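J.: Below: one structure in structure tokens.
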Amino acid sequence: MSKRKSKDNSFSLGECITKVQMILRARFCHHLPGKPFGVEAQYKNLMDLLKQTAVHGESNSVLIVGPRGAGKTMLLKSVLKELMEMKQVKENLLQVHLNGLLQTDDKIALKEVTRQLKLENVVGDKVFGSFAENLAFLLEALKKGNRSSSRPVLFILDEFDLFAHHRNQTLLYNLLDVAQSAQTPLAVVGLTCRLDVLELLEKRVKSRFSHRQIHLLNTFGFKEYVEIFQQQLTLPKEFPDGRFAQEWNQNIQSLCKDKTVEDILQKHFNSSKDFRSLHMLLMLTLSQVTVSNRNIGLTDLLTASRLCTMDSKANVLHGLSVLEFCLIIAMKHLNYIYEGEPFNFEMVYNEFQKFIQRRTHSMHNFEKPVILKAFEHLHQLELIKPMDGASTRTQKEYQLVKLLLDSSQIMDALQKYPHCPTEVQLWASSSLE
């Protein structure tokens, strides 16, 4: 089973499993391009636009708009992958990737542009009067000679709407101005979740934008969702060990026909059919593949599904002390008594004391400062939160708070809570005492 490479180019099982993990993890984590699914029209549209810049030297600007997880980045990467396979494009096209979350102002953005275009030595200690002069100098430095031999540049602006918050929208204005004036072959591709992104642009910026938009929406049905699931787990033809890849792919095909697997996928499809949540499910499933468990099975998918749908707040409850859990139960009762109205520590303390006085057999009473400390710990864990507008000058014992858990979450967590006293369980299950 663990033999080294033989003459027929087969690999040891351990090597195959390692290679599978590398290929599929890269696919799930980095949104590596696969065959675009259900977005053929958008793919062709974007390909034509970028080809005009990369091959024919025409400047363009376009926005890719869609909700998070709709596959905007995957679409762009798959187009670029095909584009870069063309020899002329591969040798000439320059790419600059900016992100509105990282490049928070124009100065940082310009430094990043300089770094990615490898022009730090050209810029040196030069001082520029304006952003436009600096950008113009950078683009001029890319030219080989005349305008026809200028290298095309592709600017990719992720979180495009955040660049609209930069002062005077200088970066957007200058990039779109260069694209419109055709000084240098330049394409600006913005990725955003906001449908109203054009409303954020200043008049002068909007007038220089081409108003091309490519919209991505997850319009595929469950049948297509299962096909995407299968496609994402299928090993490529180039996999080093052909026999292992064939066995793996056959197993994935039979897995997709299983009724229980379909039920699991239907549940995830109904809650969220975006690519990120699917990739999370696949990543957790893949993590269980080892030398002793060489193929993905139904049990692996069930375990991954449970982990994906696990209630994180209920999990936090499992790590609480008995005292902290008692305070949560006291708040649960206060929610019932006051019909969801906010409460303060003193009210919780009094509710807890009523329980202690009635159930003195197994529960130890605590000093009030200790109970207050436990209450503050619940606040730190974000299981309770102060009400908006609550005065910071109010004593902490009297500050109004709200419980961020519902009754079902508390009861579910209580069922799994280790060594919970019977009295506490009975107190939690009583609707009103």
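J.: Can you work out the PRE-style zone for residue 52? Point 7 Å along Cα to Cβ, and I want the residues of the range 185-212 with backbone N under 11 Å.
T.: 210-212
J.: Using the basic label-point model (7 angstrom from Cα toward the beta carbon), what is the residue 356 to residue 116 distance in nanometres?
T.: 6.1 nm
J.: What length, rounded to one decimal in nm, is gained on full extension from residue 199 through to residue 132, with 0.36 nm per residue of separation minus their alpha-carbon distance?
T.: Answer, rounded to one decimal: 21.8 nm.
J.: Sorted by mean Cβ packing within 10 Å, highest first, what order do the peptides 234-240, 423-429 take?
T.: Averaged packing, sorted descending, gives the order 423-429, 234-240.
J.: How large is ³J(HN,Hα), in whole Hz, for each residue of the range 74-88 in order, when computed from phi with the Karplus curve 6.51 cos²θ - 1.76 cosθ + 1.60 and θ = phi - 60°, using x for Gly and Pro?
T.: 5, 4, 4, 5, 5, 5, 5, 4, 5, 5, 6, 7, 7, 4, 4
J.: Between helix 222-233 and the chain, what is the angle of the helix's C-alpha long axis to the longest principal axis, kept within 0 to 90° and rounded to the nearest 10?
T.: Compared with the principal axis, the helix lies near 70 degrees.
J.: Given 134, 260, 209, which one lies farthest toward the positive end of the charge dipole of the chain, if we put +1 on the Cβ of every Lys and Arg and -1 on the Cβ of every Asp and Glu?
T.: Selected residue: 134.
J.: May I ask which residue of 225, 286, 305 lies farthest towards the positive end of the charge dipole of the range 223-308, with charges of +1 (Lys, Arg) and -1 (Asp, Glu) on Cβ and the Cα centre as origin?
T.: So the residue furthest toward the plus end is 305.
J.: For a Förster distance of 56 Å, can you work out the FRET efficiency between the beta-carbons of residue 227 and residue 365, rounded to the nearest 0.05? Mind dumping the intermediate values first?
T.: On the way: r = 61 Å, r/R0 = 1.09.
FRET efficiency, residue 227 to residue 365: 0.35.
J.: Where nothing but the Cβ of Lys and Arg (+1) and of Asp and Glu (-1) is charged, how large is the charge dipole of the range 314-429 around its Cα centre, in debye to the nearest 20?
T.: The dipole magnitude comes to about 220 debye.
J.: For the Cα atoms of the chain, what angle does the longest principal axis make with the long axis of helix 298-308, in degrees from 0 to 90, nearest 10?
T.: 80 degrees
J.: Quick one: if the Förster radius is 25 Å, what FRET efficiency do residue 408 and residue 26 give, using the C-beta to C-beta distance and rounding to 0.05?
T.: Working: r = 39 Å, r/R0 = 1.56.
Efficiency, from the Cβ-Cβ distance: 0.05.
J.: Rounded to the nearest 20 Debye, what is the dipole magnitude of the chain about its Cα centre when Lys and Arg each give +1 and Asp and Glu each give -1 at the C-beta?
T.: The calculation lands at about 1440 debye.
J.: If amide H atoms are built 1.01 Å from N in the plane of the peptide, which residues on other chains or at least 5 residues away come under 5 Å of the amide H of residue 63?
T.: Those lying under 5 Å, H to H, from residue 63 are 190, 212, 213, 214.
J.: Follow-up question, since we're still on this one. Which of 88, 54, 117 sits farthest toward the positive end of the charge dipole of the chain, with +1 on the Cβ of Lys and Arg and -1 on the Cβ of Asp and Glu?
T.: In the chain, that residue is 88.
J.: Which entries of 51/72; 51/90; 118/203; 332/373 have Cα-Cα distances beyond 21 Å here? All intermediate terms of the calculation are to be shown ahead of the outcome.
T.: Details: 51/72 18 Å; 51/90 12 Å; 118/203 33 Å; 332/373 19 Å.
Violating the 21 Å limit, Cα to Cα: 118/203.
Read the figures in this text as sums done on the coordinates, not as results from a lab. Quick caveat, the model's predicted, so the values are computed rather than measured. Neighbour counts run over all protein chains shown; Cβ positions are idealised from the backbone, glycine included.
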